[in-house]
Amino acid sequence: MDALVGILHADWFINLVYLVAVLLFVFGLKKLSSPRTARQGNTLSMSGMFTAIVITLFDKNIVSFEMIIIGIAAGAVVGIFMAKKVAMTSMPEMVAILNGFGGIGSALVALAEYYTGQNTITQDMIVYVTLNLSIIVGTLTFTGSVVAFGKLYGIIPGQPLIVTTSKIINVLLLLGSFVMATMLYSDITRIELLYGILVSACVLGITLVVPIGGADMPVVVSLLNSYSGIAVAMTGFVLHNNALIVVGSLVGASGIILTNIMCKGMNRSLANVLFGGFGTGDSGPAVAPKEGGVLQVAKSASPEEAAMVMDIAEKVIIVPGYGMAVSQAQHIVKKLADLLEKRGTSVKYAIHPVAGRMPGHMNVLLAEAGVEYDKLYDLEINDEFARTDVVIVIGANDVVNPGAKTNPQCAIYGMPVFDVENAKTVFVLKRSLNPGFAGIENELFFLDNTLMVFGDAKKTIENFVTSLEEMD
């Protein structure tokens, strides 16, 4: 028994188990890249986390096992409650706040290390630097994520709150944090400097996210996810924990890669997202007037009339947006697609990189409804719209706005969008003609081949299904 205990506490065995946990994370992340293997990826990643937690309990006897068990139980109860209660429409907010929890967790660990090791942390420059970075990055990630949560949930206005001196304020806050960290190194007992670093980082997280418009929240959530990974990696250096370093680096790198992909999907730089103030709704008109200054009038159709057009369609493309999430229409959308396919109609889905309120929002909803992954297309499907009989736009706005290609005064001019206007008929399912999250009017609504079908998306599509079934 003593020999077994000795092995469990041996450095070589602990590092070996950490290596196994890291490999599980790596392979789990790889499998998460495809919806087909995402469940396996989640299982592998969960196994890696469980393995890392168990071996850490043998490696670091910091507090009693009773306290550890209480902490695990409390976290499990809260996590299960959140997972069970959160609606799919609120998933972006949950992801945003979970990023914040990761950041503040890293910051708190670094703070605990400061309090328990004041006499030693300045003896290792790498430990001291990474400790401060963990506190700064972790704290700003938390407050920034709280602001992102507020914007997504609607308790904070989605419009950018831009102050002309905001960039200068951000630079001063960041420099101030570094200056105080340098001063703290000279006298590690000056705890007021540590509090100053915390306050500066808290305010910096707020001032970084508040000026960003609600339409850019998917990019911000992805970026904050990267920040939380960086904070974890810094904490790994503080604790000399290789698993935290590798896992944090994986999360940080994947978050940056995803952020870059989404920025390309909008044809904008990350700097433009962070400082451009997109989503104000105060740009030039997105709808071009006809000759004589008379605006086009949107035409509408009933669900029954729309179903008659679908009845003779050979090719249909569905473009989902946040409206599908709000109405929880993904399952009835799948039923509509199945019904059309039984009638010999080809059905595909066009998913824009920034559709919804978080990365992959529409993909998650459609996967939940059982839509086959090989039917989901991104901007590569644009060439097919000209050969499509019917396009069904479900609550999407900015990603189908022709003004992004034709109107230089439109705030999203230059952003790649779907060429849905090239189809023979476009049905747009919306409650009203109000602009989307970016606050920009959509000239698609006023084109000759566009018909608005007003009402709740789920009920509207249910009427589509009922009308088609009656035609059989």
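Can you give the charge dipole size of the stretch 303-471 about its Cα centre, rounded to the nearest 20 debye, using +1 on the beta carbon of Lys and Arg and -1 on the beta carbon of Asp and Glu? Don't skip to the end; give the middle numbers.
Values: 15 positive and 24 negative charges, 70 e Å.
Value, rounded to 20: 340 debye.
Can you run phi through the Karplus equation (6.51, -1.76, 1.60; θ = phi - 60°) for the stretch 228-234 and list ³J(HN,Hα) in whole Hz, with x for Gly and Pro?
My calculation for the stretch 228-234 gives 4, x, 4, 4, 5, 4, 4 Hz in order.
Volume per residue, Å³, of the convex hull around the alpha-carbon atoms of the stretch 177-243?
87 Å³
Evaluate the relative contact order of the stretch 303-471 (contact order divided by residue number), counting alpha-carbon pairs under 8 angstrom at least 6 apart; express in whole percent.
That works out to 28 percent.
Can you put I392, I80, I230 in order, fewest other beta carbons within 10 Å first?
Sorted ascending by nearby Cβ count, the order is I80, I230, I392.
Taking neighbour counts of Cβ atoms within 10 Å as a proxy for exposure, in what order, fewest first, do C263, C410 appear?
C263, C410
With the dipole of the stretch 2-275 worked out from charges on the C-beta (+1 for Lys and Arg, -1 for Asp and Glu) around the Cα centre, which of M180, V247, Q118 lies farthest toward the positive end?
Selected residue: V247.
Fewest to most neighbouring Cβ within 10 Å: what's the order for E384, E368, E441, E469?
Ordered by Cβ neighbours within 10 Å, fewest first: E469, E368, E384, E441.
Using the Cα centre as the reference, give the magnitude of the dipole from point charges on the C-beta atoms of the stretch 2-275 (Lys, Arg: +1; Asp, Glu: -1; all else neutral), rounded to the nearest 20 debye.
The dipole magnitude comes to about 1100 debye.
Could you work out the equivalent-ellipsoid semi-axes for the chain, taking the square root of 5 times each eigenvalue of the Cα gyration tensor, largest first, in whole Å?
For the chain, the semi-axes come out at 47, 28, 16 Å.
If you put +1 on each Lys and Arg Cβ and -1 on each Asp and Glu Cβ, how big is the dipole of the chain around its Cα centre, in Debye rounded to 20? All intermediate terms of the calculation are to be shown ahead of the outcome.
Values: 29 positive and 37 negative charges, 67 e Å.
It works out to roughly 320 debye.
Separation between the T466 and N382 pseudo-spin-labels, each 7 Å from Cα along Cα→Cβ, expressed in nm?
In this crude label model, T466 to N382 measures out at 3.9 nm.
Percent of alpha carbon pairs in the stretch 2-275 separated by more than 36 Å?
For the stretch 2-275, the share of Cα pairs beyond 36 Å comes to 18 percent.
Per residue of the stretch 240-248, in order, report the coupling 6.51 cos²θ - 1.76 cosθ + 1.60 (Karplus, θ = phi - 60°) as ³J(HN,Hα) in whole Hz, putting x for Gly and Pro.
Residue by residue, the stretch 240-248 yields 6, 10, 5, 4, 5, 4, 5, 5, x Hz.
Give the angle, between 0 and 90 degrees and rounded to the nearest 10, that separates the Cα long axis of helix 191-209 from the longest principal axis of the Cα atoms of the chain.
Around 10 degrees separate the two axes.
From Cα pairs below 8 angstrom and at least 6 apart in sequence, can you work out the relative contact order of the chain, rounded to a whole percent?
Relative contact order here is 14 percent.
I need the fraction of alpha carbon pairs in the stretch 303-471 separated by more than 24 Å, rounded to a whole percent.
Here the long-distance tail beyond 24 Å is 27 percent of all Cα pairs in the stretch 303-471.
Just so you know, all these numbers are worked out from the coordinates, no wet-lab data involved. These figures come from a predicted structure and were not determined experimentally. Virtual Cβ from ideal backbone geometry, glycine too; neighbours counted across all protein chains shown.
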